[in-house]
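**Student:** Below are the structure tokens for one structure; questions will follow.
The values are calculated or read from the model by the stated rules, or taken from the named source; none is laboratory data. Just so it is clear, the structure is predicted and the values come from calculations on it, not from any experiment. Counting neighbours? That spans all protein chains shown, and the Cβs are built from the backbone with ideal geometry, glycine included.
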Amino acid sequence: MFKYDGDDTFFGFVCLNGMNEFAEWGYFSFQELKELRVEQPILVNGEPGMILLEVDYDNYWEIKKSEGRHIDTRMSKTRMI
């Protein structure tokens, strides 16, 4: 996430379903993020299984300005520096 409107809308770099070739900058809602559920295959004691992943969020997160920062948008190294 790079930008938040203080209400429900975020702007950031999004990679859906692990498909890096389709990753892009865009808007998404906080509600969408909270409702996101992904089933991930795992191995438990050598046996296949599934785990449900949900987004964990911090209720006490505070908005901070990003002035003077550079965003590296290369697919393999997307990070804030």
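**Student:** Any residue in the stretch 50-64 that's under 16 Å from F10 (Cα atoms): show its pairings with residues that are assigned to a loop (DSSP other than H, G, I, E, B) at Cβ separation under 6 Å, as long as the two are six or more apart or on different chains.
**Tutor:** Partner pairs satisfying both residue conditions: V55/L36.
**Student:** If I filter the stretch 56-76 for residues that are at pLDDT below 80, of a type outside the set (V, I, T), exposed (fewer than 10 other Cβ atoms within 10 Å of the Cβ) and not in a loop (DSSP other than H, G, I, E, B), do I get at least one hit?
**Tutor:** Looking through the stretch 56-76, at least one residue is at pLDDT below 80, of a type outside the set (V, I, T), exposed (fewer than 10 other Cβ atoms within 10 Å of the Cβ) and not in a loop (DSSP other than H, G, I, E, B).
Listed here are the residues, each with its yes/no results for (1) among the polar types (S, T, N, Q); (2) surrounded by 10 or more Cβ atoms within 10 Å (Cβ to Cβ); (3) under 23 Å from K65 (Cα atoms); (4) modelled with pLDDT of 85 or more.
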| position | (1), (2), (3), (4) |
| --- | --- |
| G6 | no, no, yes, no |
| T9 | yes, yes, yes, yes |
| F13 | no, yes, yes, yes |
| E21 | no, no, no, no |
| W25 | no, yes, yes, yes |
| F28 | no, yes, yes, yes |
| E35 | no, yes, no, yes |
| E39 | no, no, no, yes |
| V44 | no, no, no, yes |
